[in-house]
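Asker: Structure incoming, see below.
Here, each number is a calculation from the coordinates, and none is a lab measurement. No experiment lies behind these values; they were computed from the predicted model shown. When we count neighbours, we look across all protein chains shown, and the Cβ atoms used for this are built from the backbone with ideal geometry, even at glycine.
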Amino acid sequence: MEKLLQYGKSGPKAVPRRTIAYVRVSTDSQAEQGFSIDAQEARVAAYAVALGWDVSETIRDAGESAKSLRRPGIGKILDATRRGEVERVIVAKLDRLTRSTRDLADLLDLFAKHDVSLVSVSEHLDTKSATGRFFVGMLAQISQWEREVIGERTRDVLGNKRRSGQVYCGKTPFGFRRDGDKLVPDTAQQRALKTAKAMHGAGATLRQIAAKLEALGATPNNGGSRWYAQSVKHVLTSRMATEALGA
C-alpha cells in the first residue's frame, strides 16, 4: 500500500492510499450468470490476492445502470480519488464501471491526474501502463460500437414491423385497441369516429362534436372521461383516423 504525503499545519504526514474494488449490477442483469454482485466480488478478491494487493473496501452499486456515472458507489470513489486516498480501482469487467466511452475517458483523466490505476480482471488490463490505458480506451470504443449497431438493428426491425402492421409502438389512437403488439379497429369507437367526422364535415363545432361523443358513451383513449375541443381536434386530424375512414 503506497502512502501519499499531505501537508498540514504540523507539516507533511503520510496518508495510506487504498485499493478499492467496485462491483455493479443493473436491475435487468441481476440474474446474469457469472455477473451477480457476489460473483464479481469473489472474482476481484481472488485476482487481488494473486497479485498481493490488499483490498481495503468493496463498493457496490446494486440496481444501477452504467449509462451514467451518477451512482452512489462511483460518487464515493470519485470523492476518495480527489482526496488522494486511492491507489487503484479493480473491477471484474470494464462494463461494470461504465458503458460510455466519454465517461470512461473522464474517469481515466481523473485517475491519471491523481496517479490511480484502473484494473479490469476480465480484460487483464491495468492503466498503470501506457499500453493498458490504450487498450482500455480501445475496448470501450469497440463496446460502444457494438451497442450502437445492436440499437440500429433493433430500430430497423421495429420500423419494418410497424410499416408492415406487425407491431405498433406508441399510444393507442382513438378508434383502435391493442391486440398484443398490433392495432385492431374498435367497432364502437369506429362508429363514434365516423359520426364525429360526419359532423365536422357538416360544419359542427368541436364542442358540439365533444358533446355528441359523450352522449354516445365514447371515452378518449387517454384515460379521461370527458371530451374537450382540443382532444376532438386531435382525433379528427389523426393520420390513423383519416386512413381508417378512407378520408
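Asker: Ranked from highest to lowest mean number of other Cβ atoms within 10 Å per residue, what is the order of the peptides 199-206, 120-127?
Answerer: Per-residue Cβ counts within 10 Å, averaged per peptide and sorted highest first, yield 120-127, 199-206.
Asker: Hey, another quick one. Rounded to the nearest 0.05, what FRET efficiency do residue 238 and residue 188 give with R0 = 30 Å and r taken as the Cβ-Cβ distance? Could you check? Intermediate values should be presented prior to the final figure.
Answerer: On the way: r = 17 Å, r/R0 = 0.57.
The value I calculate is 0.95.
Asker: Normalise the Debye intensity by I(0) for the range 176-244, one equal point scatterer per Cα, no solvent, then take log10 at q = 0.12, 0.24, 0.27 Å⁻¹ and round to two decimals.
Answerer: -0.28, -1.13, -1.40
Asker: Which entries in the list 182/233; 171/197; 76/113; 67/93; 76/128; 67/171 go over 19 Å, if you measure between the two C-alpha atoms of each? It would help to have the intermediate numbers written out before the result.
Answerer: Details: 182/233 25 Å; 171/197 21 Å; 76/113 17 Å; 67/93 15 Å; 76/128 21 Å; 67/171 27 Å.
Exceeds cut-off: 182/233; 171/197; 76/128; 67/171.
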